[in-house]
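Taking it in order: structure first as structure tokens, then the write-up.
The values are calculated or read from the model by the stated rules, or taken from the named source; none is laboratory data. Small disclaimer: the values here were computed from a predicted structure and weren't measured. Note that we place each Cβ from the backbone using ideal geometry, even for glycine, and neighbour counts take in every protein chain shown.
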Amino acid sequence: MSLVQASSDTVAPKAADETTGQEPQPAPPPVVLMPGWKKPFYMAASVLLFVTQGLGMNLVNANIYQLQGSFSATAAEVSWLSAAYMAPYASLSIALFKIRTQYGLRRFAEFSIICFVLAAVLNLLVTDLRSAVIVRALSGIAAAPISTLGFLYMLELFPPERKLTTGISMALMCTLFAAPIARIISPSLLDLGGYHALYTLEMGLALLAFAVIYTMPLTAPPRAIVIQRMDILSYLLLAVGFGCLAVALTLGRLYWWFEAPWIGVLLAVAAACLALVVAIELPRENPMLDIRWVLSGPNLRMAGVLLMFRFVSSEQSSTAASFYQQLGLLNDQTTKLYAVVLVASVAGGLFCALLMTTRYVNTAHLISLVLIAAGAYLDSLSTSLTRPEQMYLSQALVSAGAAMFLPPVMASGFKAAMARGMPFIVNFLAIFLFTQSIGSLFGSAMLGTFVTIREKFHSNALVEHILLQDPLVAQRVSQLSAGYGKVITDQTLLNAEGIALLSQQVSREAYTLAYNDTFLAICVASLLGLLVMLVHQAWLRLSTRRDAEPSASTAVQS
């Protein structure tokens, strides 16, 4: 809306009131556009906030195996750092929306960044794994409002009519930067100072964000009293439910689902807490979550689309990264690959922002799924000799597709929530957060479990054909053990060493085949999702045409 349009809108109500003799209503405030010279600074502030928050989450995920030495722990034990971070982070944005509405955006931003800086400082005081887990949980609490502020700073520089098109697309594109940046910078940081170097960088970025928030204010929306007493109980139950799900999904495949009793306890507690939330919210006149609206047909379809996206986008965020680790590739060997991923994410996000301003918005979903399916299929042709250079194209396709999928879905869902009123934004946030945070963990857990199952299958199939009576197998064992011939003189021990090395090669090949199966499954899931979307779009067009024909015939008869 231009300033001329805004001023004309404020004059019309006054003229109407003079003709009716009624007291004129207060005119809405005119839309004040941001000066052009400020826009690059606000965009840079948004990128800084997204990267600062994202690095806190991804630096640990990118260095699980490297941090084992720092904490003298196993990979499963170090993974508690990720679980502790995600447990509060998964649900906190729902409460933060109401807190921001009731107490004001400025106070919310200032208090949030202070908490984040304190959490970053506490990371530098960690001495063992137990203290690190506690601090990571505090970091998850402090990081949740930072991602919200990143969205607000990006939306600030766009006029109202472009906030839910170009603005939301640019903001969601920025959310993809932190994961590749974390893997690009991690090797140098670990060489400088290990775990503390990682979080010294996070503290430095937090201090920069602190200066940005205090010097670059946001337009504050009107405040309103929206928090009720029962909201506190409902949110606490929801937070416990989401937190238990986050911990179980993060660690379930590492401790294995049926071997650790506490995983079942966490899932049972999550189910009970979420059931209590439903029981509390259903009879309320002004619920925190409108369960009936959340479970309506359009919202369930939207949730299904978002969950499918999180499943197929895990191809890059978890499956491909685990595949590199299985091949023995460290972060310093994949920096160029993740630089390609970063560039492709920017290209995909900018193209999606362009599509969001046209009538071809829905084609973004279709292009996204085609790109992800193509990239996953190329990855399914990998071998144990595959190196990052052979995966530049496939990972670029996946990252570009991931950048294009989410903005149209979020924009349409946000518009539907705003059409129903401000309270329904909380309901939309609940759907979106569940599908993105919990859905992302669910996708990674299911794909990781699938890899483990398929590895056992391929390992058994390969071992069946390895017999020491086979001359080729005996020759291979002899070749592998020859390198130890000068230090091991006992022939029995020498043969055992050769067999151990052969079993390692068999395991590596079995894992390679298992990851290929997983990439192919992601490709098939993407193509099935594409087919469902095409059928849905065709059905909508036929329904629109069928509804238009009776109205046209009625107009002709009249």
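Looking at Tyr199, Tyr214, which is the one that is in contact (Cβ under 8 Å) with a residue 24 or more places away in the chain, assigned by TED's automatic domain parsing to the domain that holds Leu55 and more than 25 Å from the chain's Cα centre (by Cα)?
Selected residue: Tyr214, the only one of Tyr199, Tyr214 that is in contact (Cβ under 8 Å) with a residue 24 or more places away in the chain, assigned by TED's automatic domain parsing to the domain that holds Leu55 and more than 25 Å from the chain's Cα centre (by Cα).
With Ala496, Ala500, Ala474, Ala482 as the choices, which residue is among the small types (Gly, Ala, Ser) and under 25 Å from Ser382 (Cα atoms)?
Ala500
(1) crowded, with 17+ Cβ neighbours inside 10 Å; (2) outside any helix (DSSP H, G or I): which one isn't true of Ser437, the others all being true?
With respect to (1) crowded, with 17+ Cβ neighbours inside 10 Å; (2) outside any helix (DSSP H, G or I), Ser437 is out only on (2).
For every residue, the table says whether it meets (1) surrounded by fewer than 23 Cβ atoms within 10 Å (Cβ to Cβ); (2) of a type in the set (Lys, Arg); (3) closer than 30 Å to Val398 by Cβ.
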| position | (1), (2), (3) |
| --- | --- |
| Ala143 | no, no, yes |
| Thr148 | yes, no, yes |
| Pro160 | yes, no, no |
| Leu201 | yes, no, yes |
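Take the conditions out of contact with any strand residue (DSSP E or B) (no Cβ under 9 Å at 6 or more places or on another chain) and at pLDDT below 80 and apply them to Leu81. Does it pass?
Judged against the criteria, Leu81 is not a match.
For Lys39, work out the one condition from (1) surrounded by fewer than 15 Cβ atoms within 10 Å (Cβ to Cβ); (2) in a loop (DSSP other than H, G, I, E, B); (3) modelled with pLDDT of 75 or more it doesn't fulfil.
(2)
Scan region 124-134 residue by residue and report those that are in a helix (DSSP H, G or I) and surrounded by fewer than 22 Cβ atoms within 10 Å (Cβ to Cβ).
Leu129, Arg130, Ser131, Val133, Ile134
Given Leu176, Leu149, Leu164, which one is within 21 Å of the chain's Cα centre (by Cα) and over 20 Å from Tyr85 (Cβ atoms)?
On inspection, the qualifying residue turns out to be Leu164.
Only one of Ser296, Ser317 is in contact (Cβ under 8 Å) with a residue 24 or more places away in the chain and either outside the structural domain of Ala179 (by TED's automatic domain parsing) or within 23 Å of the chain's Cα centre (by Cα) (or both). Can you tell me which?
The unique qualifying residue is Ser317.
Could you say whether any residue in region 280-287 is over 23 Å from Cys523 (Cα atoms) and in a helix (DSSP H, G or I)?
Looking through region 280-287, at least one residue is over 23 Å from Cys523 (Cα atoms) and in a helix (DSSP H, G or I).
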